[in-house]
Amino acid sequence: DTQREAVRAAAENVADRLEDEKEYLTDLDSAIGDADHGANMSRGFRAAADAVADADDAEPSDLVKQVGTTLISEVGGASGPLYGGSIMSASQTFAEDGITAETSVDFAEAYLDKVKDRGDARIGAKTMVDALTPAVHTYKKSIEQDDLPPLEALGKAVDAAERGVEFTVPIRAEKGRASYLGWRSVGHQDPGATSTLYIMEELLATAE
Ligand code: ADP
Ligand code: MG
Ligand code: MG
């Protein structure tokens, strides 16, 4: 099944990328957090990729769900439940029709909604929401209004996420550990927004 293979390949690519970026993500988190974001993300996605690697008869939605549940159990802190719980819950959008252009938009929106639900962070609070929100809106608009093929839409979404990551640098954190620093968080790039961008880049690279 090609969708099953695509989910597996995506999980593998994301795990490899986060392993490569482990030190950098940890550096970002050591400036405004507790220096564990690189370890959290690489450990979590390695376990998730392993978990889906040998689930032979699972539907794509079940595999995506398994990525989420594995992240929840492997990663604590803020990012475990935010990434894991939101992926788990949004995986439902693939249950009926599998992964299509349409359901991928539904997934992206459901994922963003869950992250905002769980984390209660508005745009501008210097979190992953700052990368995710413009990316999801751009993806939806590119597919639904501009009729772009999913691959091109995802490319535009990655560009939007990149601008979102840059937007986190000059602003003050209002959520998560970085918020304890108050104005001293200004001038630092948010780790979770950065890992969100890397994950999206790998989804794009897998689809290409
Ligand atoms: P922890 O802060 O528990 O050590 P991580 O270091 O793995 O967890 O993840 C930190 C990232 O989580 C932050 O950079 C930010 O993007 C994200 N984050 C933290 N709190 C929230 C929140 N309430 N809503 C959205 N994202 C958040
Ligand atoms: Mg941390
Ligand atoms: Mg921590």
Per the filter on the stretch 38-97, residues among the charged types (D, E, K, R), buried (at least 18 other Cβ atoms within 10 Å of the Cβ) and more than 23 Å from residue 109 (Cβ to Cβ) are 43, 46
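Yes/no per residue for (1) modelled with pLDDT of 95 or more; (2) away from ligand 1 (no atom under 13 Å from the Cβ); (3) among the acidic types (Asp, Glu):
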site	(1), (2), (3)
4	no, yes, no
12	yes, yes, yes
23	yes, yes, yes
29	yes, no, yes
33	yes, no, no
45	yes, no, no
If a residue has to be closer than 25 Å to residue 35 by Cα and among the β-branched types (Val, Ile, Thr) to count, how many in the stretch 134-193 make the cut?
-> 5
Output the number of residues of the stretch 1-37 satisfying the condition of being closer than 26 Å to residue 91 by Cβ, surrounded by 19 or more Cβ atoms within 10 Å (Cβ to Cβ) and polar (S, T, N, Q).
-> 1
Select from the stretch 117-128 the residues that are in contact (Cβ under 8 Å) with a residue 60 or more places away in the chain and not basic (Lys, Arg) and write down the one among them that is nearest to residue 168 (Cα to Cα).
-> 127
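The values are calculated or read from the model by the stated rules, or taken from the named source; none is laboratory data. What you see is a predicted model; the values in this text were computed from it and never measured. Note that each Cβ is placed from the backbone with ideal geometry, even for glycine, and that neighbours are counted across all protein chains shown.
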